[in-house]
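Accompanying notes for the structure given below.
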Number of protein chains: 2
Amino acid sequence: MSERGRPRSFDRTAALERAMQVFWEKGYEGSSLADLTSAMGINPPSLYAAFGCKEALYLEVMELYSRTIGTEIWSALETVPNVKEAIGSFLLATARAYSQPDQPHGCLIALGGLHSGEVTKPICDALCRHRADNIVKLRQRLERAVAEGELPASIDVEAIATFYATVQNGMSILARDGGDHRALKHVADGATAAFDALTGG
Amino acid sequence: MSERGRPRSFDRTAALERAMQVFWEKGYEGSSLADLTSAMGINPPSLYAAFGCKEALYLEVMELYSRTIGTEIWSALETVPNVKEAIGSFLLATARAYSQPDQPHGCLIALGGLHSGEVTKPICDALCRHRADNIVKLRQRLERAVAEGELPASIDVEAIATFYATVQNGMSILARDGGDHRALKHVADGATAAFDALTGG
DNA sequence: CTTTTTTTGTATCAAACGATACATAATTAA
DNA sequence: TTAATTATGTATCGTTTGATACAAAAAAAG
């Protein structure tokens, strides 16, 4: 790409990961440029040259989060054959991810942009889109189970998908309030135990 | 109390209610003094004379919210005799309150202070205390049901209370994302349907 | 009356905010 | 070499932030 001129003196990916930690912990509005540049180990002009602006940096952080932590949480939903076990594994992965001791608790996406005054419109839209996509993923997994004959076609897939996405989002708040892995696992187990009642089994 | 001096020219309670709307919609950091004074119909010196500072105003708003909207949501939990119906009513009241068309969607307390950088320490502590108290209220209701012989003593009351508080918190995020009363009711119904599985019935 | 007390509106404060101007340094291309 | 290009550090920009100083206004107390 750009080979001419003075080379960048920092690792762009490493800096982005540092920025993710800051935004994840403090939120968009709560993270000042000073917080970010300090954590990233660079000065403002380097940040603006490499990422554009604070908003663009946040959007890029969102994609990084989705690609790494997000994938970690959601992969089991597709890979586990039995639908109830798949959702159970997905919720346990959520409990695990949300209580990692070396990371901010809860989900960057679930907790972001919940107040209109604290994020820009593009960020709010992107966050809402990601959260809506979570419901879609769950619904499609349930539809697959119906297609495979594992669940009756009479179930309300949208309602059940919304239920599990809502439980997961609530787990982010629980994790932020200091809920440990044990507490999160109880919620995951409880929601899994509800599966039969929800699917009319 | 203070009868001497120039009388206040605005309704303190009405102004507090306006402030609640702003904080509820935009969050603490997202609400500027200009937003607040504009909505309250007063100038900064009047705000500071009547409420102290932005932080104190928010804390007072929290109490108002808890006393009004909060009571609206939680009263059924105590008044309904049957514990499953009590929790069901509590969740339906939540669904109703979170989707009022003339109010911000979701709960001021559930959505507040989720990012350390966006609130002061006293506010974060007060919000966490309120949310922890929600779990206590649910646990005590379950303990009452056990004492009344409605549920077996073998159940994990803390785990079940945490589950329902978590579902309720998730409903705030769903409501913020545009989830309507129908979607919220589905979640409430689903969580209520899970009651028997959770209580080993 | 006059004095005292409190509130009000205007105008503004110092600090923090996101974002840049600018000169210098470091690299490639000619 | 020289020119062109890009990144860096310092220092600072204009705005917005939460919060006040101040004088005028409006009430009760003496």
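The values are calculated or read from the model by the stated rules, or taken from the named source; none is laboratory data. This is a predicted model, so every value here is computed, not measured. So basically every Cβ, Gly included, is an ideal-geometry build from the backbone, and we count neighbours across all protein chains shown.
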Test of understanding: among A:A56, A:A76, which residue is more than 21 Å from A:M171 (Cβ to Cβ), among the small types (G, A, S), assigned to a helix (DSSP H, G or I) and away from DNA strand D (no atom under 14 Å from the Cβ)? A:A56
If we scan region B:109-116, do we find a residue that is within 14 Å of DNA strand C (Cβ to nearest atom), surrounded by 15 or more Cβ atoms within 10 Å (Cβ to Cβ) and at pLDDT 95 or above? yes
Just for region B:10-31: of the residues that are over 19 Å from the mean Cα position of the chain (by Cα) and among the charged types (D, E, K, R), which one is surrounded by the most Cβ atoms within 10 Å (Cβ to Cβ)? B:R12
Given the residues B:P104, B:P81, B:P7, which is the only one that is crowded, with 19+ Cβ neighbours inside 10 Å and assigned to a loop (DSSP other than H, G, I, E, B)? B:P104
Which of (1) farther than 25 Å from B:T199 by Cα; (2) out of contact with any helix residue (DSSP H, G or I) (no Cβ under 8 Å at 6 or more places or on another chain) does B:D133 not meet, given it meets every other one? (1)
Failed item in (1) over 17 Å from the mean Cα position of the chain (by Cα); (2) without any contact (Cβ under 8 Å) to a residue 40 or more places away in the chain, with A:N82 passing the rest: (2)
Condition broken by A:A95, with the remaining ones in (1) within 14 Å of another protein chain (Cβ to nearest Cβ); (2) closer than 28 Å to B:W24 by Cβ satisfied: (2)
Can you name every residue in region A:169-178 that is more than 7 Å from chain B (Cβ to nearest Cβ) and surrounded by 24 or more Cβ atoms within 10 Å (Cβ to Cβ)? A:S172, A:A175
When region B:180-190 is checked residue by residue, the ones that are at the interface with chain A (Cβ under 7 Å from one of its Cβ atoms) and within 18 Å of B:A110 (Cβ to Cβ) are B:A183, B:V187
Every residue in region B:32-52 that is within 13 Å of DNA strand D (Cβ to nearest atom), surrounded by fewer than 18 Cβ atoms within 10 Å (Cβ to Cβ) and of a type in the set (G, A, S), please. B:S32, B:A34, B:S38, B:S46, B:A49, B:A50, B:G52
Any idea which residue in region B:10-45 is farthest from the other protein chains (Cβ to nearest Cβ), counting only those that are near DNA strand C (Cβ under 6 Å from one of its atoms) and touching a helix residue (DSSP H, G or I) at 6+ places or on another chain (Cβ under 8 Å)? B:F10
Could you please give the count of residues in region A:100-122 that are away from every other protein chain (no Cβ under 11 Å) and touching a residue at least 40 places away in the same chain (Cβ under 8 Å)? 3
Looking at (1) more than 15 Å from B:I69 (Cβ to Cβ); (2) touching a His at 6+ places or on another chain (Cβ under 6 Å), which is the only condition B:E143 fails? (2)
Note on B:L59: of the conditions (1) under 21 Å from B:P104 (Cα atoms); (2) touching a residue at least 24 places away in the same chain (Cβ under 8 Å); (3) touching a Lys or Arg at 6+ places or on another chain (Cβ under 8 Å), unmet is (3)
With modelled with pLDDT of 95 or more, farther than 19 Å from B:D102 by Cα and aliphatic (A, V, I, L, M) as the only criterion, which of B:A39, B:A34 stands out? B:A34
